[in-house]
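Step one of this worksheet: look at the structure below.
The values are calculated or read from the model by the stated rules, or taken from the named source; none is laboratory data. Keep in mind the model is a prediction, meaning the values are calculated, not measured. Here the Cβ positions follow ideal geometry from the backbone for every residue, glycine too, while neighbour counts run over all protein chains shown.
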Amino acid sequence: MHKFEELTGMPNIHFETIYHHRLKDLGEDCKKCGLPLRSVRAKLCASCGHEKN
Ligand SMILES: [Zn+2]
């Protein structure tokens, strides 16, 4: 048995799915510099300080 399956109880989950979810957690891209905001709740861009709306 795979360790991951043992931990989550979810057989057949793809690593890609988790990775994609992690990307979404970064929030939307900064409108000024294009880098992803660090979290979905971020109000400021961590890279350039641009305020999100
Ligand atoms: Zn920025």
Taking only pairs six or more apart or across chains, which ones have beta-carbon atoms under 6 Å, a first residue in segment 42-53 that is farther than 9 Å from Lys32 by Cα and in a loop (DSSP other than H, G, I, E, B), and a second residue that is more than 10 Å from the ligand (Cβ to nearest atom) and modelled with pLDDT under 90?
-> Ala42/Gly27; Ala46/Arg38; Lys52/Lys43
Please work out which residue is farthest from the ligand (Cβ to nearest atom), limiting yourself to segment 30-41 and to residues that are at pLDDT 85 or above and surrounded by 11 or more Cβ atoms within 10 Å (Cβ to Cβ).
-> Lys31
